[in-house]
Amino acid sequence: MGHRENESRELRTSRVGEFERAFAAALIAGDEIAAEATIREAMDARLTTADIDEKIIAPALWLMGELWERGEISVADEHLATEIAMRVLALQREAERVAQARRGHRVMLATPAGERHVVALRMVSNLLSGAGYWIVMLGADVPAEALVASVLRHRPEVICMSATMPTVSLQVFDTIVQVREACPTAQFVIGGRGLSSQVRSQAGVGICHRVSEVVEAVDAMVKRAELN
Ligand code: B12
């Protein structure tokens, strides 16, 4: 096994250990909010449900059992911890249900003609596919007419565009107008430092300042598309 692979495994193990300790501390304190926050963090860190169950929740409950046997906590404390653990399991199920519901929805990603900066777009792609969305990645430098043709073929509910160069802002505007003519139900989420105020003020367009805002913005647009 390579040195780097070893290192990343160690890092992962130490993260899991941190989550386990934080979750156990929350159960001991009877603090449901802290317990939920820890499991949300573990889910955000892409730990699998099996890892969360076996490496975080189960060991914390075993510890509660030991503390109870040693008379260090009461039966009520142990019951409270179990109730909290059960609510956290419901939270896991809900997160899976939301990801499952997103799977049927397509999101198209592109930068407009003349725009070659795509790092933010790749980040957006990772975040959306991690959240469950079906991604249609067109990549950089896509002319409006080509994007319209692709929208008619793949029928995405949402189109995400990124503009870094101020010179492409007009292309973003133009693409939105052309896509709306061909497919009035299409929704847009856009970001990037190159966007002009004209594009930013477009009615019905979701504007993001950071890639971390994209899942929420696309969720809102999908809901809106369903209402149309
Ligand atoms: C890497 C890079 C390149 C690479 C791009 C490679 C690639 N495959 O992406 C290459 C070498 C091709 C390149 C070319 C050029 N580049 Co360049 N490039 C950069 C650099 C160093 C990093 C850009 C980057 O990836 N940033 C990281 C991302 C994650 O950050 P971000 O794009 O700002 O995105 C954030 C938000 O805006 C938002 N966001 C952005 N888009 C979206 C979209 C959605 C949907 C959402 C939700 C959020 C979101 O989320 C991010 C934060 O969370 C920047 C420096 C800089 N200050 O940014 C220059 C920079 C952008 N480039 C610049 C220039 C001038 C050029 C060239 C004209 C150079 C030349 N003479 O050829 C060409 C133009 C190419 C073109 N037509 O597009 C200038 C732009 C200046 C300006 N505003 O006019 C910069 C700022 C460098 C500088 N200081 O002069 N570049």
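The values are calculated or read from the model by the stated rules, or taken from the named source; none is laboratory data. Please read these numbers as outputs of a predicted model, since none were measured by experiment. Ideal geometry is used to build each Cβ from the backbone, glycine not excepted, and the neighbour counts take in all protein chains shown. Surface areas here come from the heavy atoms of the whole protein model, side chains and all, with no ligands, DNA or RNA. Shrake-Rupley method; radii C 1.70, N 1.55, O 1.52, S 1.80 Å.
Answer yes or no: is there a residue in the stretch 69-91 that is open to solvent by 10 Å² or more (accessible area, probe 1.4 Å), within 22 Å of Leu128 (Cα to Cα) and out of contact with any His (no Cβ under 8 Å at 6 or more places or on another chain). Looking for residues that are open to solvent by 10 Å² or more (accessible area, probe 1.4 Å), within 22 Å of Leu128 (Cα to Cα) and out of contact with any His (no Cβ under 8 Å at 6 or more places or on another chain), one finds at least one in the stretch 69-91, hence yes.
The residues of the stretch 139-159 that are more than 13 Å from the ligand (Cβ to nearest atom) and either of a type in the set (A, V, I, L, M, F, W, C) or outside any loop (DSSP other than H, G, I, E, B) (or both), listed by number, are Ala144, Glu145, Ala146, Leu147, Val148, Ala149, Ser150, Val151, Leu152, Arg153, His154. Within the stretch 213-228, being within 13 Å of the chain's Cα centre (by Cα) and not aliphatic (A, V, I, L, M) holds for Glu213, Glu216, Asp219. The test for being surrounded by fewer than 11 Cβ atoms within 10 Å (Cβ to Cβ) and of a type outside the set (Asp, Glu) holds for Ile33.
For (1) within 13 Å of the ligand (Cβ to nearest atom); (2) in a helix (DSSP H, G or I); (3) open to solvent by less than 80 Å² (accessible area, probe 1.4 Å), each residue gets a yes or a no:
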site	(1), (2), (3)
Met161	yes, no, yes
Phe173	no, yes, yes
Glu181	no, yes, no
Ala225	no, yes, yes
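Could you say which residue among Thr13, Thr49 is among the hydroxyl-bearing types (Ser, Thr, Tyr) and open to solvent by less than 70 Å² (accessible area, probe 1.4 Å)? Answer to the check: Thr49.
State which residue is farthest from the ligand (Cβ to nearest atom) when the search covers only the stretch 100-133 and only residues that are exposed (fewer than 14 other Cβ atoms within 10 Å of the Cβ) and not β-branched (Val, Ile, Thr). The selected residue is Gln100.
Residues in the stretch 198-220 include at least one that is open to solvent by less than 60 Å² (accessible area, probe 1.4 Å), in contact with a Phe, Trp or Tyr (Cβ under 6 Å, 6 or more places away or on another chain) and not in a helix (DSSP H, G or I). Can you confirm whether the stretch 163-177 contains a residue that is at pLDDT 95 or above, of a type in the set (A, V, I, L, M) and closer than 28 Å to Leu47 by Cβ? Among the residues of the stretch 163-177, not one is at pLDDT 95 or above, of a type in the set (A, V, I, L, M) and closer than 28 Å to Leu47 by Cβ, which makes the answer no.
Do we find that Ala203 is within 21 Å of Ala101 (Cβ to Cβ), more than 9 Å from the ligand (Cβ to nearest atom), at pLDDT below 95 and not polar (S, T, N, Q) in this structure? When the stated conditions are applied, Ala203 does not pass them.
Among the residues of the stretch 139-159, those identified as small (Gly, Ala, Ser) and either at pLDDT below 95 or buried (at least 16 other Cβ atoms within 10 Å of the Cβ) (or both) are Ala144, Ser150.
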